[in-house]
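Asker: One structure, as structure tokens, below. Some questions next.
The values are calculated or read from the model by the stated rules, or taken from the named source; none is laboratory data. Worth saying up front: this structure is predicted, and the values here are computed from it rather than measured. Please note: Cβ atoms are built from the backbone with ideal geometry, for glycine as well, and neighbour counts cover all protein chains shown. What goes into the accessible areas is simple: the full protein's heavy atoms, side chains included, and nothing from ligands, DNA or RNA. Shrake-Rupley method; radii C 1.70, N 1.55, O 1.52, S 1.80 Å.
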Amino acid sequence: MNKLAILFGENVKKQRKSREISQEDLAYICGIDRSYMSRVERGIVRITLEKVYIIAQALNCDPCELLPSIKTRHLLQ
């Protein structure tokens, strides 16, 4: 698994849980399959930039809130 994808997925999950949205509901709002959303949150898939924006919009947050911080770059090496 790609570490960047894992960190992204963790951020999505954190934002989703803070808004008390189920994974199934988030997937529905985004128009994607729940199993795909599960793989996003686990960092198994690499999603498109378009999907980043769709997920951010569904979570009512800025896309940069989902992206791993540059401070975590040491985790990517």
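Asker: In region 12-23, which residues are in contact (Cβ under 8 Å) with a residue 12 or more places away in the chain and more than 22 Å from Ser69 (Cα to Cα)? Lay out the reasoning, then the answer.
Answerer: Going through region 12-23, the residues in contact (Cβ under 8 Å) with a residue 12 or more places away in the chain turn out to be 12-13, 15-16, 19, 21, 23.
Ile21, Gln23 - these are the residues of region 12-23 that are in contact (Cβ under 8 Å) with a residue 12 or more places away in the chain and more than 22 Å from Ser69 (Cα to Cα).
Asker: Find the residue count for region 23-44, including only residues that are of a type outside the set (Asp, Glu) and open to solvent by 30 Å² or more (accessible area, probe 1.4 Å).
Answerer: Taking region 23-44 first, the residues of a type outside the set (Asp, Glu) are 23, 26-32, 34-40, 42-44.
Right, trim to open to solvent by 30 Å² or more (accessible area, probe 1.4 Å) and you get 23, 28-29, 31-32, 34-36, 39, 42, 44.
Residues meeting the conditions: 11.
Asker: Here's a check for you: in region 32-47, which residue that is assigned to a loop (DSSP other than H, G, I, E, B) and closer than 11 Å to Asn11 by Cα is modelled with the lowest pLDDT? Walk me through how you get there before you give the answer.
Answerer: Within region 32-47, the subset assigned to a loop (DSSP other than H, G, I, E, B) is 32-33, 42-47.
Still in the running and closer than 11 Å to Asn11 by Cα: 42-43.
On the way: Arg42: 97, Gly43: 94.
If we take residues in region 32-47 being assigned to a loop (DSSP other than H, G, I, E, B) and closer than 11 Å to Asn11 by Cα, then Gly43 is modelled with the lowest pLDDT.
Asker: Write out, first by first residue and then by second, each pair whose Cβ atoms fall under 8 Å of each other, whose residues are 6+ apart or on separate chains, and whose first residue, in region 33-45, is under 12 Å from Arg16 (Cα atoms) while the second is β-branched (Val, Ile, Thr).
Answerer: Pairs found: Glu41/Val12.
Asker: Could you tell me whether any residue of region 10-18 is modelled with pLDDT of 95 or more, of a type in the set (S, T, N, Q) and within 11 Å of the chain's Cα centre (by Cα)? Step through it out loud before you land on a result.
Answerer: To start, the set of residues in region 10-18 that are modelled with pLDDT of 95 or more comprises 10-18.
Now drop any that are not of a type in the set (S, T, N, Q), which leaves 11, 15, 18.
Restricting the remaining residues to those that are within 11 Å of the chain's Cα centre (by Cα) gives 11, 15.
The answer is yes; a qualifying residue exists.
Asker: Could you check region 47-71 and list, in sequence order, the residues that are of a type outside the set (A, V, I, L, M, F, W, C), closer than 14 Å to Leu7 by Cβ and open to solvent by 70 Å² or more (accessible area, probe 1.4 Å)?
Answerer: The answer is Glu65, Lys71.
Asker: Please pick out the residue among Glu10, Glu20 that is assigned to a helix (DSSP H, G or I) and open to solvent by 90 Å² or more (accessible area, probe 1.4 Å). Outline the logic, then answer.
Answerer: Values: Glu20 fails: assigned to a helix (DSSP H, G or I).
So the residue among Glu10, Glu20 that is assigned to a helix (DSSP H, G or I) and open to solvent by 90 Å² or more (accessible area, probe 1.4 Å) is Glu10.
Asker: Continuing with the same structure: Return the total of residues in region 48-70 being in contact (Cβ under 8 Å) with a residue 24 or more places away in the chain and outside any helix (DSSP H, G or I).
Answerer: 6
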